[in-house]
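The values are calculated or read from the model by the stated rules, or taken from the named source; none is laboratory data. Just so you know, these numbers come straight off a predicted model, no measurement behind them.
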Amino acid sequence: MLLDNWNEFGEGHYLFPTREFGFGYLDAVREVFAPGAAEHRDVTPDDLGRGPYDSQYRFWLKQSKPDR
């Protein structure tokens, strides 16, 4: 089995958590290739206080143009 690129968004193929399916695809791959793996917890950047992905840009934008 060949799993394609992890995050080739421009190419139209990717394997990552989504809003629609959550970690479902990743969990399916894990179940196939590591059926006896230990329990795990799905973690997002928001869970670690690092989200959303554009938070630094939004902060900069607010500071540079206060009327927005």
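Listed values, structure above:
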| item | result |
| --- | --- |
| Those residues of region 39-68 which are over 21 Å from the mean Cα position of the chain (by Cα) and not in a helix (DSSP H, G or I), in sequence order | Lys65, Pro66, Asp67, Arg68 |
| Tally of residues being closer than 20 Å to Pro52 by Cα, modelled with pLDDT under 80 and either outside any loop (DSSP other than H, G, I, E, B) or of a type in the set (Asp, Glu) (or both) across region 9-27 | 2 |
